[in-house]
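Beneath this line is the structure, given in structure tokens, with notes to follow.
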Amino acid sequence: LFNNGDWFGFIPAESYPETARLLDFTPQGLPFAIRSPTSVLVLNAGTGLTAAQALNHRATKVVAVEPHRAALALLRHHYPQTTGTFFAGPQIQLATVEPRTWLAGDRHRYDLVLLPTLGAFGGTAGVFALHEQYSLTREAFTSIWRHLTPDGILCLSAWMDYPPRTSLRLAATLVDLLNAEGITDPTSHLVAVRGWGTVSFCLKRSALNADEITRIRRFCNDLGFDPLLLPGLRPEERDRFNQLPDQALFQQLDRIISGDHTLLYADYLFNIQPTDDNRPFFSQFLRWQTLPYLTELFGRRVLPAMELGTLVVLVTFVLTAAAAVVLILLPLLRLGWRGGRRSAVIGYFGGLGLGYMLVEIVLIHHCVLYLGHPVQAAAAVICALLLGSGIGSASSSRLPSRFFGPQRTSALIALVLIPYPLLLKTLLGLTIPLEESWRMPLALLLLIPIGFIMGLPFPLGLGQLHRRQPEAVPWAWGINGCLSVLGTSLATLIAIQAGFHAVTIAAAGSYGCASLAGCRLFAKQT
């Protein structure tokens, strides 16, 4: 089963849980080799294979969290004798929300927390670089850590890639979590096992004991796996059954575990630092400064397949800019532009268009975790902003011009945008445990006020421009629309490289530039 070309899971020919026994013969059987869990939490459960594996090992409580409701409905209605029956069974508690939303409202602890396998067989081709993976950030791992029992285990698996990227970032994130929890010796809590194509990491909340270490070694010897991280590990054990072409993975991993990772993060060909909610792009590894060397090392044909996602955004931005100019601005050349102060018109109305779209992207980012689904987040933000902006636009003509001029309202938005995202994040975090029926109305109530303010400067500026330079009004509309089109791609580029905080600053800067341009453009009217 695929979702928009991405792997979602497979549908067994026979019913669960018998089919899931195959996972015991892969590195994903590692956590069950360490100890038998009673309660298991499966995040992004997909078609339920890992949840069935937990039942095979006699877990009495299994919670499966899978936000894709359409896929679950497909499994229930079209495959009722296999996966559909499994999810409908009383032994599974199914939650159809984003994992982070579930973790925020859940108060239970689990012996084992499982996340899906990252990447894809043969490499990811860089297409996942644009995915906002909130289940793999520092904040997500901290939340999972708090949901573990005293001897609980967090397990993650990933397909091997070369040069190593996914496995190194996973290790870096887990070590970062342990350091944040005051654990100075990660080797006593962290274990990793490598097969021919995948690697599985297990992070145990308490230190691994001698009996558990013995079980891990027996698991590796019986099934032909290589321990990658293990207390007391000997160098020859790492490359016994599934030999690698070089020792680079081992050397880099040892630097991360030992705490000597500052230079590694700075000098490595790819960005492997842990991600956070500000930059939740776990699979984005590209570093622009290393592009020339990567091109020389792997060739121009290989590089796009390795880091395709980020390059696609850049190409999209360029193509969108060209299309916006051709389809929006060029037709206006027939009208001509006989008036002056063109730069001020471009600065004011362009700043409003760009800033509006940047703000919209930031607000969607904040609402994804709160509402539990990207589509709901986008619908709520767009609806609230359009409604609020419409009310603001309709009210603009009734407001006293002495206090609500175009430049002043633009400056007000620029000032409000600095604390507003932090305030919004705090309020959303406090109310996220509420039922879904309450979260959507609350989100709308929190978003409509900022939409109201953002709806003021455009009609105010357009009205004054019509009185002063009516021939420039079509250009104002065109410039605003052109920059609005560019805003989405530009926001994605900024978020990938610098985070959503930087997008907020850019939005505030856009409105600030609009305010300065408005001071020049409407000087005589004020």
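The values are calculated or read from the model by the stated rules, or taken from the named source; none is laboratory data. Model, not experiment: these values are computed from the prediction. Counting neighbours? That spans all protein chains shown, and the Cβs are built from the backbone with ideal geometry, glycine included. Side chains included, ligands, DNA and RNA excluded: accessible areas come from the protein's heavy atoms. Shrake-Rupley method; radii C 1.70, N 1.55, O 1.52, S 1.80 Å.
Being aliphatic (A, V, I, L, M), over 21 Å from the mean Cα position of the chain (by Cα) and crowded, with 23+ Cβ neighbours inside 10 Å holds for only one residue in I479, I453, and it is I479. For region 27-80, a tally of residues being of a type in the set (V, I, T), open to solvent by less than 40 Å² (accessible area, probe 1.4 Å), touching a residue at least 60 places away in the same chain (Cβ under 8 Å) and not in a helix (DSSP H, G or I) returns 2. Please verify whether region 105-119 includes one or more residues that are among the aromatic types (F, W, Y), at pLDDT 85 or above and under 28 Å from I432 (Cα atoms). For region 105-119, residues among the aromatic types (F, W, Y), at pLDDT 85 or above and under 28 Å from I432 (Cα atoms): present. The listed residues are L486, L516, L446, L460, and the only one of them that is among the hydrophobic types (A, V, I, L, M, F, W, C), more than 30 Å from R402 (Cβ to Cβ), assigned to a helix (DSSP H, G or I) and open to solvent by 20 Å² or more (accessible area, probe 1.4 Å) turns out to be L486. Using the structure shown, decide if F349 is of a type in the set (F, W, Y), part of a loop (DSSP other than H, G, I, E, B) and farther than 24 Å from A104 by Cα. In short, no. Is it fair to say I361 is assigned to a helix (DSSP H, G or I), in contact (Cβ under 8 Å) with a residue 24 or more places away in the chain and under 25 Å from Y134 (Cβ atoms)? Yes: the conditions hold for I361. Would region 463-470 turn up any residue that is within 19 Å of S389 (Cα to Cα) and surrounded by 18 or more Cβ atoms within 10 Å (Cβ to Cβ)? Yes, region 463-470 has at least one match. For the subset of region 12-26 comprising residues that are in a helix (DSSP H, G or I) and of a type outside the set (A, V, I, L, M, F, W, C), which member is surrounded by the most Cβ atoms within 10 Å (Cβ to Cβ)? Among those residues, the one meeting the criterion is T19.
Is it fair to say G46 is under 27 Å from L168 (Cβ atoms), within 25 Å of the chain's Cα centre (by Cα) and modelled with pLDDT under 85?
no
Within region 254-266, residues that are under 25 Å from L286 (Cβ atoms) sit with their Cβ atoms under 6 Å from residues that are open to solvent by less than 70 Å² (accessible area, probe 1.4 Å) and not in a helix (DSSP H, G or I), at 6+ positions apart or across chains, in these pairs: R255/H261. Checking each residue in region 491-513 for being touching a helix residue (DSSP H, G or I) at 6+ places or on another chain (Cβ under 6 Å) and open to solvent by 50 Å² or more (accessible area, probe 1.4 Å) picks out only C513.
Taking region 81-95 as the search range and keeping residues that are farther than 17 Å from F10 by Cβ and open to solvent by 50 Å² or more (accessible area, probe 1.4 Å), which one is nearest to the chain's Cα centre (by Cα)?
That would be Q93.
Picking from residues in region 416-433 that are of a type in the set (A, V, I, L, M, F, W, C), out of contact with any Ser or Thr (no Cβ under 8 Å at 6 or more places or on another chain) and touching a residue at least 60 places away in the same chain (Cβ under 8 Å), the one that is farthest from A514 (Cα to Cα) is L428. For region 72-98, the set of residues classified as modelled with pLDDT of 85 or more and in contact with a Phe, Trp or Tyr (Cβ under 6 Å, 6 or more places away or on another chain) consists of L94, A95, listed by residue number. Residues in region 381-431 that are outside any helix (DSSP H, G or I) and open to solvent by less than 10 Å² (accessible area, probe 1.4 Å): G405, L417. Being assigned to a loop (DSSP other than H, G, I, E, B) and of a type in the set (A, V, I, L, M, F, W, C): is that true of L434 here? When the stated conditions are applied, L434 passes them.
Only one of the listed residues (T117, T149, T166) is within 24 Å of the chain's Cα centre (by Cα), of a type in the set (V, I, T) and within 23 Å of A54 (Cα to Cα). That residue is T117.
For I505, are the conditions met, namely being β-branched (V, I, T) and either more than 30 Å from Q284 (Cα to Cα) or touching a strand residue (DSSP E or B) at 6+ places or on another chain (Cβ under 8 Å) (or both)? The answer is no for I505.
If you check A140 against the conditions, is it within 30 Å of the chain's Cα centre (by Cα) and in a helix (DSSP H, G or I)? When the stated conditions are applied, A140 passes them. Listed by first and then second residue, the pairs with beta-carbon distance under 9 Å, at least 6 apart or on different chains, first residue in region 81-98 and assigned to a loop (DSSP other than H, G, I, E, B), second basic (K, R), are Q91/K61; T96/R69.
Table: residues versus (1) touching a Gly at 6+ places or on another chain (Cβ under 7 Å); (2) farther than 12 Å from Y348 by Cβ; (3) of a type in the set (K, R).
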{"residue": "L430", "(1), (2), (3)": "no, yes, no"}
{"residue": "S437", "(1), (2), (3)": "no, yes, no"}
{"residue": "P441", "(1), (2), (3)": "no, yes, no"}
{"residue": "I448", "(1), (2), (3)": "yes, yes, no"}
{"residue": "L460", "(1), (2), (3)": "yes, no, no"}
{"residue": "H466", "(1), (2), (3)": "no, yes, no"}
{"residue": "W475", "(1), (2), (3)": "no, no, no"}
{"residue": "L486", "(1), (2), (3)": "no, yes, no"}
